[in-house]
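A short write-up of the structure that comes next.
The values are calculated or read from the model by the stated rules, or taken from the named source; none is laboratory data. These numbers come from a predicted model, not from an experiment. Cβ atoms come from the backbone with ideal geometry, glycine included; neighbour counts cover every protein chain shown. Accessible surface areas use protein heavy atoms only, side chains included; no ligands, DNA or RNA. Shrake-Rupley method; radii C 1.70, N 1.55, O 1.52, S 1.80 Å.
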Amino acid sequence: MGKYQERKWTGEKGKKFGHVGRTEDPYVVEGGQEAAICTKCNALYQSKRWFFDDNLHRRLAGGDKVKEVICPTCRKIKDRYPGGILTLSGEFFKERSQEIITLLENEAARVGKRSVADRIMRMVPEGDKLVVETTTEKLAQHLGRAIYRAYKGELDFRWAEMNKFVRVYWSR
Ligand SMILES: [Zn+2]
């Protein structure tokens, strides 16, 4: 009992995961380095945060002040581990699919400029349907809402795995 109490999390911020996070973070830079850089997508990592910055990337890339890595988002894509799946279907979709796919791509590019984590992994036709895998549950929802705003139709969300994975269905 005493032992159990000792191990119980006190609720202090960062106490439970802080140490593990520090020792296992593969992106933490070593002495003299300024940032980690993803060699696939050029994302930068500083102060525990991923971001895009063209100027900083130009200044640091290829030099000895960076640690070259593959970012978590590119790893997810490589391992095919989606956070959300958006399925598009219906007669209207069939007729206008090219236009709707362009909207999806533009919207994903807009979000992706600001956010390293949010990307479309792949788009796979399944019969008359289109299945869109995204790296985050947030992006799948965002894309579903963007299509709904533009074209109305039916939009439905189904959550799983403690809200870390979502299936989004749009149909018209
Ligand atoms: Zn990357």
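Here are the numbers for the structure shown:
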item: Residue list for the range 28-49, filter: more than 10 Å from the ligand (Cβ to nearest atom) and either part of a helix (DSSP H, G or I) or basic (K, R) (or both); result: K48, R49
item: Test set (1) under 21 Å from the mean Cα position of the chain (by Cα); (2) modelled with pLDDT of 95 or more - G90 fails condition number; result: (1)
item: Evaluation of D128 against (1) surrounded by 15 or more Cβ atoms within 10 Å (Cβ to Cβ); (2) of a type in the set (D, E); (3) under 16 Å from Y169 (Cβ atoms) (one fails), failing number; result: (1)
item: Strands (runs of 3 or more DSSP E) within the range 50-145 that include 2 or more residues away from the ligand (no atom under 16 Å from the Cβ) and in contact with a strand residue (DSSP E or B) (Cβ under 6 Å, 6 or more places away or on another chain); result: 84-89, 120-126, 129-134
item: Conditions (1) open to solvent by 50 Å² or more (accessible area, probe 1.4 Å); (2) more than 15 Å from the chain's Cα centre (by Cα); (3) not hydroxyl-bearing (S, T, Y): number failed by A36; result: (1)
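Yes or no, residue by residue, for (1) free of Cβ contacts under 8 Å to residues at least 60 places away in the same chain; (2) not hydroxyl-bearing (S, T, Y); (3) not assigned by TED's automatic domain parsing to the domain that holds A43:
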{"residue": "K94", "(1), (2), (3)": "yes, yes, yes"}
{"residue": "S115", "(1), (2), (3)": "yes, no, yes"}
{"residue": "R122", "(1), (2), (3)": "yes, yes, yes"}
{"residue": "E126", "(1), (2), (3)": "yes, yes, yes"}
{"residue": "L130", "(1), (2), (3)": "yes, yes, yes"}
{"residue": "A146", "(1), (2), (3)": "yes, yes, yes"}
{"residue": "G153", "(1), (2), (3)": "no, yes, yes"}
